[in-house]
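What follows draws every value from the coordinates through simple rules; no lab data is involved. These numbers come from a predicted model, not from an experiment. Cβ: placed from backbone, ideal geometry, glycine included. Neighbour counts: every protein chain shown.
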Amino acid sequence: MVAGNRRRDRRVNLAHDAVIHARRKLIAKCAVLDISKSGARISIDQSVALPVEFTLQMSRNGGVCRQCQLIWRTDDQIGVRFSEGIGRSLYF
């Protein structure tokens, strides 16, 4: 771990459209700004209310999803920790 950086895993810069689902409902469109094995930084509209846990869908057909836990939030970005491995969501 690098001094001043609490991240365990190296992040890769990315600009990838995605959507957030919770309880079988589309919550919001978003963009994944960077990603690692353990989490991601996501750009999202500040007016969107998010649950603590949700599914991040990173492919149009739902084939690549990650279960997420909300860790931090600013006006237009959130930080998430992945709860489990890559896979199809169980929630939609």
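List of remarks:
- In plain terms, the residue of Ile42, Ile71, Ile27 with the fewest other Cβ atoms within 10 Å comes first and the most crowded comes last, giving Ile71, Ile27, Ile42.
- Ascending count of other beta-carbon atoms within 10 Å, so fewest first, for Ile44, Ile20: Ile44, Ile20
- Annotation: amide H-H contacts under 5 Å for Ala28 (H modelled 1.01 Å from N, sequence separation of 5 or more, or interchain): Ile20.
- Residues whose amide H lies under 5 Å from that of Val64, counting only those 5 or more places away or on a different chain, are Met58, Ser59; hydrogens are built 1.01 Å from N in the peptide plane.
- For the range 28-42, backbone phi angles converted through the Karplus equation (6.51, -1.76, 1.60; θ = phi - 60°) give residue-by-residue couplings of 6, 7, 7, 9, 7, 8, 8, 8, 9, 5, 9, x, 7, 10, 10 Hz, Gly and Pro being listed as x.
- Of Leu70, Leu50, the sequence from fewest to most neighbouring Cβ atoms within 10 angstrom is Leu70, Leu50.
- Paramagnetic label zone (point 7 Å from Cα along Cα-to-C-beta, Arg73; backbone N under 18 Å) in the range 40-65: 40-57
- For Gly39, nonlocal amide neighbours, meaning residues 5 or more places apart or on other chains whose placed amide H falls under 5 Å from its own, are Phe82.
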